[in-house]
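Take a look at the structure below.
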Amino acid sequence: MVQRQFPKPAEIFELMQFKKPQLGRAGRLEAALTIEDLRLIAKRRTPRAAFDYTDGAAEGELSLARARQAFKDIEFHPNVLRDVANVDTSTTVFGGPSALPFGIAPTGFTRLMQTEGETAGASAAGAAGIPFTLSTLGTTSIETVKEANPTGRNWFQLYVMNKREISYALTERAAKAGFDTLFFTVDTPVAGARLRDKRNGFSIPPQLGVKTIANAIPRPWWWYDFLTTPKLEFASLSATGGTVGELLDAAMDPTISYEDLRVIREMWPHKLAVKGVQTVEDARRLADFGVDGIVLSNHGGRQLDRAPIPFHLLPSVVREVGNDVEVSIDTGIMNGADIVAAIALGAKFTFIGRAYLYGLMAGGRAGVDRTIQILTDQIIRTMKLLGAHSLEELTPAHVTQLTRLVPRPR
């Protein structure tokens with residue numbers, strides 16, 4: 001029979017350790033253990049219209065849901081009895097180093113999510129030793145991003161505008177500012193139907209209806225930041241009024257072609273990758289064209305709904321062009337294990353978009369740091385459990401893509 005006794009008051013502190021509570025931003029970020037945790041914090045702290053712009057996708061949002069599910073539908077195959085006391089997460093991509101196998105993807109309207117915007121992303125990326133990518137629709141200038149990340153790697157994502165001189169001028173500015181890689185984006189001839197934005201009246205400047213105001217009342221800090229910081233400024237657009245779809249449709253040109261790619265290739269003096277590739281055939285043609293890399297992406301599910309799942313497409317594209325160009329991937333990444341799986345199946349690099357923005361909305365620069373730390377811890381832990389000392393040791397033998405969506409015979 002168990003003998004019981006009440007502890008002496010002086011012994012309580014020997015039997016239990018009391019943790020000093022952390023309040024405010026530091027406390028909520030420390031409590032976030034996953035990207036989904038950061039997402040929930042971001043949702044609580046950000047007005048619905050701004051949050052849904054980040055969180056949502058096109059039409060029925062099937063492409064986004066399928067992309068995330070694809071990463072869940074994998075099985076890992078670990079190698080045991082390996083000394084994995086230390087692992088190397090570094091890689092070389094587009095001619096330069098990265099401390100981790102992921103970088104920050106280009107995102108538009110970023111300062112509307114949280115006022116620090118691209119400055120937080122660029123400075124956090126520089127501190128972590130990973131690349132930061134500025135969007136054509138970014139809300140911080142090329143030159144300011146360079147100031148925020150003066151010694152790190154900055155990349156630029158380029159849309160082909162209906163006024164070509166705008167795209168040409170941006171290309172020249174990015175080169176002059178020392179950006180070392182350009183992402184020529186091909187999946188946005190017109191704007192996708194982002195229904196959450198339409199239902200929320202999301203626009204620049206924000207449309208204030210009864211629901212908008214009611215939703216904003218519990219989030220005064222967001223409005224204080226929005227109203228007391230510099231006006232939103234886009235890298236390429238002089239006019240900033242209208243919905244997201246209206247802005248995109250007014251700026252983009254559906255006549256974009258290989259001739260535009262050829263012009264930019266001649267203008268750009270550094271590495272050039274094409275972003276938004278969704279078929280093996282296009283990957284082959286672009287490799288033959290002579291680009292340095294391709295990014296398998298369906299724009300985070302924000303353009304064509306029911307588009308191919310980049311992670312499913314990855315093995316076929318790597319087999320077809322992996323020896324000729326560097327193949328990267330985005331869309332649906334929410335865990336460091338997703339990144340490890342992509343590298344194992346042949347991706348040279350990966351990009352995080354929403355995961356970065358969830359951290360930004362949850363806590364500004366500190367939130368982006370937390371995003372990077374969460375993913376880093378997950379990558380290292382997954383590699384150790386797989387028995388891989390370095391990214392080079394990750395192979396397709398480590399991963400099986402389980403079948404959920406199977407094409408019917410034609």
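The values are calculated or read from the model by the stated rules, or taken from the named source; none is laboratory data. None of the values given here were measured: they were computed from a predicted structure. In this analysis, Cβ positions are derived from the backbone assuming ideal geometry, glycine residues included, and neighbour counts consider all displayed protein chains. Side chains included, ligands, DNA and RNA excluded: accessible areas come from the protein's heavy atoms. Shrake-Rupley method; radii C 1.70, N 1.55, O 1.52, S 1.80 Å.
Take the conditions (1) crowded, with 23+ Cβ neighbours inside 10 Å; (2) of a type in the set (A, V, I, L, M, F, W, C); (3) modelled with pLDDT under 95; F132 misses just one of them, which is (3).
The residues of segment 358-388 include none that are under 15 Å from E30 (Cα atoms), aliphatic (A, V, I, L, M) and open to solvent by 40 Å² or more (accessible area, probe 1.4 Å).
For segment 38-57, taking the residues that are under 17 Å from the mean Cα position of the chain (by Cα) and not in a helix (DSSP H, G or I), the one that is nearest to N215 (Cα to Cα) is identified as G56.
So that you can scan it fast, the table gives a plain yes or no per residue for (1) within 17 Å of T144 (Cα to Cα); (2) in contact with a strand residue (DSSP E or B) (Cβ under 9 Å, 6 or more places away or on another chain); (3) modelled with pLDDT of 95 or more:
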site	(1), (2), (3)
T91	no, yes, yes
A99	no, yes, yes
Q114	yes, no, no
A122	yes, yes, yes
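Take the residues in segment 74-128 that are touching a Pro at 6+ places or on another chain (Cβ under 7 Å) and assigned to a loop (DSSP other than H, G, I, E, B), then tell me which one is farthest from M383 (Cα to Cα). Looking at the filtered set, the residue picked out is S90.
The condition of being touching a strand residue (DSSP E or B) at 6+ places or on another chain (Cβ under 9 Å), in a helix (DSSP H, G or I) and either open to solvent by less than 20 Å² (accessible area, probe 1.4 Å) or modelled with pLDDT of 95 or more (or both) holds for only one of A347, A337, that being A337.
Any residue that is of a type in the set (F, W, Y), part of a strand (DSSP E or B), touching a Leu at 6+ places or on another chain (Cβ under 7 Å) and in contact (Cβ under 8 Å) with a residue 24 or more places away in the chain - is there at least one of those in segment 132-139? Looking for residues that are of a type in the set (F, W, Y), part of a strand (DSSP E or B), touching a Leu at 6+ places or on another chain (Cβ under 7 Å) and in contact (Cβ under 8 Å) with a residue 24 or more places away in the chain, one finds none in segment 132-139, hence no. Taken together, the criteria place G276 among residues that are surrounded by 17 or more Cβ atoms within 10 Å (Cβ to Cβ), on the phi > 0 side of the Ramachandran plot and under 18 Å from the mean Cα position of the chain (by Cα). Scanning segment 279-334 for residues that are aromatic (F, W, Y) and open to solvent by less than 10 Å² (accessible area, probe 1.4 Å) yields one hit, F311.
Within segment 39-53, identify whether any single residue is at pLDDT below 95, under 18 Å from A355 (Cα atoms) and among the hydroxyl-bearing types (S, T, Y), and answer yes or no. Scanning segment 39-53 turns up at least one residue that is at pLDDT below 95, under 18 Å from A355 (Cα atoms) and among the hydroxyl-bearing types (S, T, Y).
I need the full set of residues from segment 257-306 which are hydrophobic (A, V, I, L, M, F, W, C), in contact with a Pro (Cβ under 6 Å, 6 or more places away or on another chain) and farther than 21 Å from W155 by Cα, in order please. Selection gives nothing.
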